[in-house]
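What follows draws every value from the coordinates through simple rules; no lab data is involved. Treat the numbers as computed from the prediction; the structure is a model and nothing was measured. Please note: Cβ atoms are built from the backbone with ideal geometry, for glycine as well, and neighbour counts cover all protein chains shown.
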Amino acid sequence: MKIGLLQYNIKWEDKESNKTKIREILERSDDNAQVDWIIFSEMTLSGFTMNRKIAELSDLDKNFFSQLARDYNVNISFGGVEDGYNKLITLNRKGERINEYSKIHLYSFGKENEYYKSGNKQSAFELEGLKIMPAICFDLRFSYFFWDMAEKVDAYIVIAAWPKSRAQHWMTLLRARAIENQAYCFGVNRIGTEGKIEYSGNSMAFNSLGEVLIDAGNDEGLFVNTADIRADLTAEIRQKFPFLKERKK
């Protein structure tokens, strides 16, 4: 599988401008025809705003991503708000929803818990042979959240709005989740600024040994892995190093 981490400078609370920007990035990317799955950052079209009215996904917003999936014949995972929940939504190549996850660990330091409702259920889904667990931003700090699902999945996906001031935490925790659970870990962050907060991107993908498959740095664009991503590679690593079996529940 080829995944594309789409890292871009989100224009604050301007969905239509951001839709245009996404289209432009995909149109100029040489890799879009090779990608099986495109992953976007948290609250993809609005930025990490506490304005629920702006962040809430309209039918037009949902149709935008569905059409994108059909136009490029690609699976898509994106972020947005539905019914007051901060969600990660995944669509198949036909633009049909196959999974949604509502963020469980809300970022109280930024008062997210005062504006959005907390999810209460972890989820997993299968995408072209890969079993995946979705997570959003602050979830990444809680190792048990990933640990509990390790034996059921081959990969984790984390979408975020993670500030530059704690970029090292972001990159370190993504790698740690891959290593400790012997699973792929794909993280997509944004670049640019929201008010006084600066974002450095650093979208990355790690394999089940914690080795880097994609490092987007601080640039804007679609970043695609060169080494193939396959469930059987995770299985081989877990068989060779059967550490999960040593865990004490």
Within the set of pairs 6+ apart or on separate chains, which have a first residue in segment 26-37 that is closer than 8 Å to Val74 by Cβ, a second that is acidic (Asp, Glu) and assigned to a loop (DSSP other than H, G, I, E, B), and C-beta atoms under 9 Å apart?
Asp36/Glu128; Trp37/Glu128
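Would you mind stating whether Lys94 is crowded, with 17+ Cβ neighbours inside 10 Å, under 19 Å from Phe40 (Cα atoms) and not β-branched (Val, Ile, Thr)?
When the stated conditions are applied, Lys94 does not pass them.
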Against the definition (of a type in the set (Asp, Glu), surrounded by 21 or more Cβ atoms within 10 Å (Cβ to Cβ) and in contact with a Ser or Thr (Cβ under 9 Å, 6 or more places away or on another chain)), how does Asp139 come out, yes or no?
no
Those residues of segment 103-125 which are over 22 Å from Leu6 (Cβ atoms) and in a strand (DSSP E or B) amount to Lys117
Out of curiosity, is Thr49 touching a strand residue (DSSP E or B) at 6+ places or on another chain (Cβ under 8 Å), part of a loop (DSSP other than H, G, I, E, B) and β-branched (Val, Ile, Thr)?
yes
Only residues that are in contact (Cβ under 8 Å) with a residue 40 or more places away in the chain and either farther than 22 Å from Cys137 by Cβ or among the charged types (D, E, K, R) (or both): list them for segment 184-207, please.
Arg190, Glu194
Please specify each residue of segment 143-160 satisfying the condition of being surrounded by fewer than 24 Cβ atoms within 10 Å (Cβ to Cβ) and outside any loop (DSSP other than H, G, I, E, B).
Ser143, Tyr144, Phe145, Trp147, Ala150, Glu151, Lys152
Scan segment 161-220 residue by residue and report those that are basic (Lys, Arg) and either touching a strand residue (DSSP E or B) at 6+ places or on another chain (Cβ under 8 Å) or buried (at least 24 other Cβ atoms within 10 Å of the Cβ) (or both).
Lys164, Arg175, Arg177, Arg190
Selection count, segment 58-92, where residues are in a loop (DSSP other than H, G, I, E, B) and within 17 Å of the chain's Cα centre (by Cα)
2
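Matching residues to (1) in a strand (DSSP E or B); (2) farther than 27 Å from Asn18 by Cα; (3) more than 13 Å from the chain's Cα centre (by Cα); (4) among the charged types (D, E, K, R):
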| position | (1), (2), (3), (4) |
| --- | --- |
| Leu174 | no, no, no, no |
| Gly192 | yes, no, yes, no |
| Glu198 | yes, no, yes, yes |
| Asn218 | no, no, yes, no |
| Arg238 | no, yes, yes, yes |
From the list Ile10, Ile54, Ile76, which one is within 24 Å of Ile229 (Cα to Cα) and of a type outside the set (Asp, Glu)?
Ile76
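Taking segment 118-146 as the region of interest, how many residues are touching a residue at least 60 places away in the same chain (Cβ under 8 Å) and not basic (Lys, Arg)? Break it down into steps so the answer makes sense when it comes.
First, the residues of segment 118-146 that are touching a residue at least 60 places away in the same chain (Cβ under 8 Å): 127-131, 136-137.
Keeping just the survivors that are not basic (Lys, Arg) gives 127-130, 136-137.
Matching residues across segment 118-146 total 6.
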Criterion: touching a residue at least 24 places away in the same chain (Cβ under 8 Å) and either closer than 22 Å to Asp219 by Cα or of a type outside the set (Phe, Trp, Tyr) (or both) - qualifying residue of Ser108, Ser41, Ser17, Ser102:
Ser41
